[in-house]
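One structure is given here, and the rest of the page talks about it.
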Amino acid sequence: MIQLYFSPGACSFVPHALLEESGLVYEPIMVKLHKGEQNAEPFKALNPRGQVPVLVQDGVALNQIVALCLHIDALCPERGFLPRDPIARTQALSNLAWMNNTVHPTFTHVFMPQKFHDDTQVQGAIREFAVVQFGHYLDDLQQMVAHEQSRGQPWLSGDRWGPLDAYALTLTRWGSIAGHDPQQRPVLWTHVQQVAEQPGVARTIERERLNLNMYRGS
Ligand SMILES: N[C@@H](CCC(=O)N[C@@H](CS)C(=O)NCC(=O)O)C(=O)O
């Protein structure tokens, strides 16, 4: 039995959407980050780092998005979430790692600047700087989509949607929270809307009750 601990709108959306599309039997379990459930038992026993996502299989708790995406891909290789060709696979993992280790933490500076400094004025400066930086990364993401489309590829890592597309959706949605109007990047925004229409992604959006565009002005 597989369980996925997720929080609505968080990065856990990526493995959540993959599991939903995979056909694997799993139980989604919601963690309320705004209530601090990630820092309390019983969740803390599963991930002492106090972060979602956590995937539990046969009683073993696994974490980190990149690792979970590889794990889900290994459980159902026939779904083609990641390319099988070694070079294409490494390229996909390289882009996934960049989203996870660069773009994602930049949003953490926007959303939780208190993690990086305890002075509220400094937090404001951290947030302001990170919002601009995040915009540059959204430009890079849009370029990535445009590059794949110019090669006749509708998705970010091959013939079907996968973790890169689900992450692009999450990061674009976060950008809209940070004050980046998604419509200002039409290639990326159109792509994200297409990703959102895929059945497993659509069901995940529904379960997490997400509004894709949270932009309310910069
Ligand atoms: N590198 C981690 C990042 C996980 C992460 O940042 N999770 C956030 C949600 S997007 C979280 O649980 N934050 C709760 C907190 O920091 O208190 C991964 O890939 O899983």
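Here 46, 93, 75 are screened, and the one residue that is more than 10 Å from the ligand (Cβ to nearest atom), more than 17 Å from the chain's Cα centre (by Cα), within 30 Å of residue 126 (Cβ to Cβ) and at pLDDT 95 or above is 46.
Any residue in the range 42-62 that's in the same structural domain as residue 75 (by TED's automatic domain parsing): show its pairings with residues that are aromatic (Phe, Trp, Tyr) and within 9 Å of the ligand (Cβ to nearest atom) at Cβ separation under 9 Å, as long as the two are six or more apart or on different chains. Pairs found: 53/13. Residue count for the range 25-35 satisfying the condition of being part of a loop (DSSP other than H, G, I, E, B) and either near the ligand (Cβ under 10 Å from one of its atoms) or of a type in the set (Lys, Arg) (or both): 2.
Take residue 67 and tell me if it is within 21 Å of residue 168 (Cα to Cα), within 18 Å of the chain's Cα centre (by Cα) and of a type in the set (Gly, Ala, Ser).
yes
Screening the candidates 9, 36, 23 for the property of being in contact (Cβ under 8 Å) with a residue 24 or more places away in the chain, more than 19 Å from residue 100 (Cα to Cα) and out of contact with any Phe, Trp or Tyr (no Cβ under 7 Å at 6 or more places or on another chain) yields one hit, 23. Condition check for residue 18 on (1) more than 27 Å from residue 115 (Cα to Cα); (2) more than 15 Å from the ligand (Cβ to nearest atom): one failure, at (2).
The values are calculated or read from the model by the stated rules, or taken from the named source; none is laboratory data. Every value quoted in this text rests on a predicted model; they were computed, and no experiment measured them. Backbone-built Cβ (ideal geometry, glycine too); neighbour counts: all protein chains shown.
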